[in-house]
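To keep things clear, I will list the structure first and then write my remarks on it.
The values are calculated or read from the model by the stated rules, or taken from the named source; none is laboratory data. Keep in mind the model is a prediction, meaning the values are calculated, not measured. Every residue, glycine as well, gets a Cβ built from its backbone with ideal geometry; the counts of neighbours run over all protein chains shown. In case anyone asks, the SASA skips ligands and DNA or RNA and just uses the protein heavy atoms, side chains included. Shrake-Rupley method; radii C 1.70, N 1.55, O 1.52, S 1.80 Å.
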Amino acid sequence: PMNSLTAFFRKPGRAAWIMFLVVPPMVFMATFVVWPILSALAYAFYHWEGLKRGEFVGLGNFIDVLTREPFAAWTLNAFLHNVWVFIALMIVQNGFGFLIAYAISKELPGHRFHRVAVFLPVILSTVIVGFLWKLFLHPLFGLVNAAFVSVGLDSWAQPWLGQESTALWALVFVNAWHWVGFPALVFLAGMQRIPSEVIDAARLDGASEWTMITKIVWPLVAPSATICFVLLFIGSFNWFELPYVMTGLDGSPYGKTDVLGLLFYRTAFGNQSAGVQDFGRGSALAVLTFLFIAVVSAFWTIRLRKREIEI
């Protein structure tokens, strides 16, 4: 094997071509991923006065964002909102994505059009989607309230982004509308890999539609479910663009849409409510978020892969 590998690289120009393909991505990753992560980790161990690095404080910044008020309350509030967003999107976004994929897999009339249409919002920029839906949900001239009024449901018209009880769930709905096409196509790809003999045998045995979904289709698309689950978890705890565009950096109203991404940005770079910027505590929060996402994602990936093998 070593002789074959040596002969492979000795062919004229092949080693240079491989280096050309491998080195640029490695340099890009090192510059824009590895180095920022290591820098944030280093910044988290120092006290900062604006842009000036102060003395070494060890784990002081980590202790502050987890135990010292008001930082601890802000961190817990933002973290719980991320948890609720993840749970809601798991039910709404991935749930509807699975049902849409199952409907398309039935090849009903118009299924080719719907396969494309359901994915169209995914290719839109999150900033564009945020501004668009912010206009749609406007309490005075938004299309959503106008639609309710036009069909006689005046009581349903309300300031969706301006009241505490609906603001976060409005963001969840917009995010689900934006991204539901991705899990739909992932699940559809998994369903198309199910052998037709399995489906035909279940039909001959008189399996109902519900039995087909829960006992046959769902277990056999386990790899697709793993991908959707892990990516949704990462996206939910990295949530930033949509709440920033639609409700602002403060997580209005009254912090009801605040998430870890917004809290990190306010802490590290400052704003009217957070006061001066604090790179130390902001970096500590970023490192804690990164570690949480990495550990939980790795754990669930391994756990779900074992489940796939068992199935």
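Determine, yes or no, whether Thr211 is free of Cβ contacts under 8 Å to residues at least 60 places away in the same chain, farther than 30 Å from Arg281 by Cβ and part of a helix (DSSP H, G or I). Considered against the rule, which asks whether it is free of Cβ contacts under 8 Å to residues at least 60 places away in the same chain, farther than 30 Å from Arg281 by Cβ and part of a helix (DSSP H, G or I), Thr211 comes out as yes. The set of residues from the range 96-123 being within 15 Å of the chain's Cα centre (by Cα) and within 18 Å of Thr226 (Cα to Cα) comprises just one member, Gly97. Annotation: Ser224 fulfils all but one of (1) hydroxyl-bearing (Ser, Thr, Tyr); (2) surrounded by 20 or more Cβ atoms within 10 Å (Cβ to Cβ); (3) modelled with pLDDT under 90; (4) not in a helix (DSSP H, G or I); the unmet one is (4).
I'd like the residue in the range 249-269 that is out of contact with any Gly (no Cβ under 9 Å at 6 or more places or on another chain) and open to solvent by 20 Å² or more (accessible area, probe 1.4 Å) and, out of all such residues, is modelled with the highest pLDDT. It comes out as Lys256. Only one of the numbered conditions (1) assigned to a loop (DSSP other than H, G, I, E, B); (2) open to solvent by 90 Å² or more (accessible area, probe 1.4 Å); (3) not hydrophobic (A, V, I, L, M, F, W, C) is not met by His138, and that is (2).
Tell me, yes or no, whether the range 282-303 has at least one residue that is open to solvent by 30 Å² or more (accessible area, probe 1.4 Å), farther than 24 Å from Val34 by Cα, not in a helix (DSSP H, G or I) and not small (Gly, Ala, Ser). No: zero hits. Screening the range 9-115 for helices (runs of 4 or more DSSP H) wholly inside it with 2 or more residues that are surrounded by 13 or more Cβ atoms within 10 Å (Cβ to Cβ) returns the ranges 35-43, 60-67, 71-89, 95-105. Go through (1) open to solvent by less than 20 Å² (accessible area, probe 1.4 Å); (2) under 28 Å from Ala167 (Cα atoms); (3) free of Cβ contacts under 8 Å to residues at least 60 places away in the same chain one by one and return the number of the condition Leu231 breaks. Of everything listed in (1) open to solvent by less than 20 Å² (accessible area, probe 1.4 Å); (2) under 28 Å from Ala167 (Cα atoms); (3) free of Cβ contacts under 8 Å to residues at least 60 places away in the same chain, Leu231 misses just condition (1).
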